[in-house]
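Worksheet: the structure to be examined is printed underneath.
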2 protein chains.
Amino acid sequence: MAKVLASYKEEINQQKIPSGQKKVLLAGLKLFSEKGFHATTTAEIAHEASVSEGTIYKYFKSKDDLLTKLLNPLLKEVQENFFVQLNDYQDLSKLVAFVVEDRVHFLLINFDFFSLFFQELLTNQNMLNLIKKYVAGEKGVLAYCQNLQHRFTEINQKLTPVQILRILISPMLAYVIQVKLFNLKAADDSADMTLLKRQISANLTD
Amino acid sequence: MAKVLASYKEEINQQKIPSGQKKVLLAGLKLFSEKGFHATTTAEIAHEASVSEGTIYKYFKSKDDLLTKLLNPLLKEVQENFFVQLNDYQDLSKLVAFVVEDRVHFLLINFDFFSLFFQELLTNQNMLNLIKKYVAGEKGVLAYCQNLQHRFTEINQKLTPVQILRILISPMLAYVIQVKLFNLKAADDSADMTLLKRQISANLTD
DNA sequence: GTCTATAGCGCGATAGAC
DNA sequence: GTCTATCGCGCTATAGAC
């Protein structure tokens with residue numbers, strides 16, 4: 001199966017929108033993720049994008065609007081693809097292998113987005129509530145984890161949906177932080193990926 | 001062995017410093033962790049602490065100074081105790097049990113500090129460099145992980161120090177985020193703690 | 001030890017020329 | 001579609017009274 005989640009920056013570049021708008025989006029993503037939303041000034045964004053501040057407000061009605069227009073499209077894509085596309089797999093270890101390969105790759109190439117998202121999650125109640133619904137809601141991630149547990153009898157049936165989610169996400173999260181934030185990349189990174197898969201499989205089934 | 005890491009807020013309260021200074025420290029911790037450093041104004045801190053803005057600048061020469069004086073003491077304590085005090089354990093499963101019990105407890109009762117710390121880690125190069133040194137430096141955390149691997153032959157000797165650190169930290173991190181950020185606390189939380197210990201032990205040795 | 005009053009300016013945002 | 005010029009608020013920080 002091909003990768004389903006792509007580079008967000010490429011996607012911005014491919015859109016048919018004025019070049020000024022593109023440059024502002026990319027500059028906003030870069031500076032918000034590196035310094036934080038409130039620590040970044042519109043003057044800095046304008047300079048990074050090589051446009052004037054007036055141009056920013058031509059396309060975005062406020063600084064908040066720029067943040068929203070940055071986060072929403074990718075949030076939508078993640079919500080639609082991060083978990084849902086796993087129904088074709090009949091074999092648990094293959095499913096885990098795909099999830100690790102695809103999602104780690106996605107998180108690595110979109111780490112700036114991820115950093116910005118995480119900052120918002122920690123400081124913005126609206127963002128937190130949105131994600132809470134995505135996790136615990138009707139057809140949310142937890143319901144999906146329960147589904148997985150039913151489909152694969154190898155999974156320890158005593159695990160709760162939350163525990164399954166934690167087992168899936170936490171090693172990938174930690175790996176991405178290790179590599180992108182701390183620059184601690186192993187000489188052989190495929191060995192790390194293999195370890196992630198083995199640990200997730202073991203923790204799900206033991 | 002008794003808990004070695006305590007509540008940071010209690011520690012502030014027990015210090016022999018003017019009550020205004022205490023109130024400002026606690027208000028700063030609360031607001032910075034909830035809204036972020038740059039999103040919090042000194043007027044809000046003054047209001048939350050029920051003091052005037054003048055009082056803030058009596059004790060802290062700048063807003064940045066308040067942040068520094070909040071983070072430094074606890075950073076120091078963590079650096080000195082988070083990993084180092086594990087040398088008395090001869091039994092790996094007991095060591096893991098202690099680490100999980102003690103550190104999860106610490107992270108839960110100091111989650112506001114942890115949230116603030118994580119925000120800084122993502123947006124502040126100085127903080128990141130400080131932690132990088134603490135992790136990779138001479139007598140850093142990674143060296144300590146290597147030490148653990150030598151002391152306990154049950155640990156998979158093919159694991160790298162970074163992998164050992166990841167195995168130790170990532171499940172606890174995810175658990176704390178689950179409980180404090182998403183309010184997803186299991187009916188029986190001791191079952192979750194047991195699971196954490198079992199998974200960490202299994203992942204270290206398999 | 002804490003407050004009131006205020007300085008000073010950086011910031012987000014807008015209007016209008018080109 | 002982009003820029004220049006500018007407004008006015010809200011922020012950090014200070015001075016000095018009590």
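Some observations on this one:
- Taken along the Cα-to-beta-carbon direction at a fixed 7 Å, the label points for A:Val84 and B:Asp64 span 4.6 nm.
- Convex hull volume per residue for segment A:70-206, taking Cα atoms only, in Å³: 111 Å³
- Measuring against 21 Å, Cα to Cα, the residue pairs B:Lys22/B:Lys58; B:Lys132/B:Lys158; B:Lys16/B:Lys76; A:Lys133/A:Lys180; A:Lys197/B:Lys158; A:Lys30/B:Lys61 contain B:Lys132/B:Lys158; A:Lys133/A:Lys180; A:Lys30/B:Lys61 as the ones spanning a longer distance.
- Cβ-vector label at 7 Å, A:Gln90, separations to other copies in nm: 5.3
- Label zone at B:Gln146 (point 7 Å along Cα-to-Cβ), backbone N below 18 Å, segment A:159-194: A:183-188
- Length added when fully stretched, A:Gln157-A:Ala136, from 0.36 nm per residue minus Cα-Cα: 5.6 nm
- Sorted shortest first, the distances from the B:Glu44 label point to those of the same residue in the other copies are 1.8 nm; each point sits 7 Å from Cα along Cα-to-Cβ.
- Projected area, mean over directions - the protein assembly as shown, Cα convex hull, nm²: 22.2 nm²
- Local electrostatic count, B:Thr68, Cβ distance below 14 Å [Lys/Arg +1, Asp/Glu -1]: +1
- Helix content alone sets the calculated 222 nm mean residue ellipticity of the protein assembly as shown: runs of n ≥ 4 DSSP H residues at -39500 (n - 2.57) each, divided across all residues, give -22500 deg cm²/dmol.
- Label point distance in nm, B:Leu128-A:Leu108, each placed 7 Å from Cα along Cα→Cβ: 1.8 nm
- For B:Glu101, inter-copy label distances in nm, listed shortest first [label point 7 Å out on the Cα-Cβ vector]: 4.3
Read the figures in this text as sums done on the coordinates, not as results from a lab. The structure displayed is predicted, hence computed values, not measured ones. No Cβ is skipped: glycine too gets one built from the backbone with ideal geometry, and neighbour counts run over all protein chains shown.
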